[in-house]
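Written out below as structure tokens is the structure these notes cover.
The values are calculated or read from the model by the stated rules, or taken from the named source; none is laboratory data. From a predicted model like this one, the values you see are computed outputs, not experimental measurements. Note that each Cβ is placed from the backbone with ideal geometry, even for glycine, and that neighbours are counted across all protein chains shown. Just so you know, the surface numbers come from the protein's heavy atoms only, side chains and all, with ligands and any DNA or RNA stripped out. Shrake-Rupley method; radii C 1.70, N 1.55, O 1.52, S 1.80 Å.
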Amino acid sequence: MERVGRQLCPVDSGINRRVKWPGYHVLHNPGDVGRLTVNNFWVLRTDMLPTGVKESQLRESSSQKVHPQPMEEALNQNPEAIDSLISRVFRNISSLKSAYIQLQAAHTPYDPDKIEAADKLVIAELKSLSELKHYYREHNPKPLCVSPQDSRLAAEIQEQLSLLKTYEVMVKKFQSEIQNKDSEIQLLEQQIEEANQKREKLEKNLRLRVSPGEQNGFFPVDLTPDLFTSAVEAASKAIHDFSKPLINMMKAAGWDLDAAAQSIGPGVVYAKRAHKKYAFESYICQRMFSGFQEESFSDEPGDVVVNRESFFHQCLALRGMDPLDTLSQNPDSIFGRFCRSKYLVVVHQKMEASFFGNLDQRNFVMGGGHPRTPFYQAFLKLAKSVWLLHRLAYSFDPCVKVFEVKKGSEFSDVYMESVIANLVQDDINQKPIVGLMIMPGFSIGSNVIQSRVYLTGMKVAE
């Protein structure tokens, strides 16, 4: 034991000169050192245990974790930290809701970039919320570096910002809906305007049909040169419109259009190859206006009631009707016989055979019928416009005079109008020569409606 004491505190170690702790002293007695062995320390601890506690219980208690204080007590001692944590959770939830709404808004309209950005934002908020959850489960809430009051204020500000983002997304969505509604309103307004125009037109036609003047047997209203001029323009347009399907069907049937144009207007020199379409318009015009100067207009003279009121009444009765519907009700009417005779003249049987491969439609028309084929319906629009023009011409007193321009005639600015405005001639001293008449001219008293012609041997001005 003496050896032990010397080893622990050798006198010559110089501790007196190095240790200055209060109460420090050197042990010289080996008996004092023996009381400080490990075994004596254990016996001393078991002697201090309360009565009834066994040494095994002491070992169990020493193996258990010793908490400085229970978790509930820690929570109760730091409620501000809990409030701060809850504020962070609410802030996180608000941000998550805002991010999710942005993700939904990115789908309408579909925007891949916005969808990807919103998706990343949602994932980030979910990750942050998960971290808060794990932190709460594994650790006691600790006070943050900033004060709990500042933390709650920051959480409220963040929540309001998230709500603001949500409102911005909703506002953009509402603005998009408003724009769609405005577009629908504009479309409806346009439809209303078109409906009003149609209504006004129908009301005007109705007034013309059942006006007091008609009941008294005379028509002093609306029968003006302007009304006839508009009818001339409609007939000219109808000729142009019917020439398109006629040329297309000839082309599809393998006709030589250049040769056909040359046979219609021999010797006509066209400024452009595309101008040969006017030869076919001239062909249609010559056959449709044949007999226009007669009151019967290709019908038996005995079947026509020669008086101004009758012509105008026929014009008003058909003007607002579909020609095919009218012919379905009365196929052998004056208008029906006119359509039948003009179709057989305009559409030659060789044409029809090449178009349809047979003459079934022609035989049906000759038998008194009116087929519902698209080609015949296109012809009926042309026939209606020319027939209305004739009815209207004989409604005037005196009646309107029609004049034609012969091929080879000198061009006159008073009675003629060129269908091509920018044509020039090499010899400025020579007057232009008419190659084709596209539309006849008319005179109403002292008023003249010019004939539309195509001039031959001209060039297009550069």
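Assorted remarks:
- Looking only at region 218-233, and only at residues there that are of a type outside the set (Phe, Trp, Tyr) and surrounded by 15 or more Cβ atoms within 10 Å (Cβ to Cβ), the one that is farthest from Ile449 (Cα to Cα): Leu223
- Cβ-Cβ contacts under 8 Å between residues 6 or more apart (or on different chains), taken from a first residue in region 99-113 that is over 15 Å from Glu168 (Cβ atoms) and of a type in the set (S, T, N, Q) to a second residue that is assigned to a helix (DSSP H, G or I) and open to solvent by 70 Å² or more (accessible area, probe 1.4 Å), are listed as Thr108/Lys173.
- Candidates are the residues of region 348-367 that are without any contact (Cβ under 8 Å) to a residue 40 or more places away in the chain, part of a helix (DSSP H, G or I) and within 14 Å of Ala253 (Cβ to Cβ); the one that is most open to solvent (accessible area, probe 1.4 Å) is Lys350.
- Only residues that are in contact with a strand residue (DSSP E or B) (Cβ under 6 Å, 6 or more places away or on another chain) and surrounded by 14 or more Cβ atoms within 10 Å (Cβ to Cβ) were counted in region 428-450, giving 13.
- Some residue of region 395-413 being in a helix (DSSP H, G or I) and touching a Phe, Trp or Tyr at 6+ places or on another chain (Cβ under 9 Å): no
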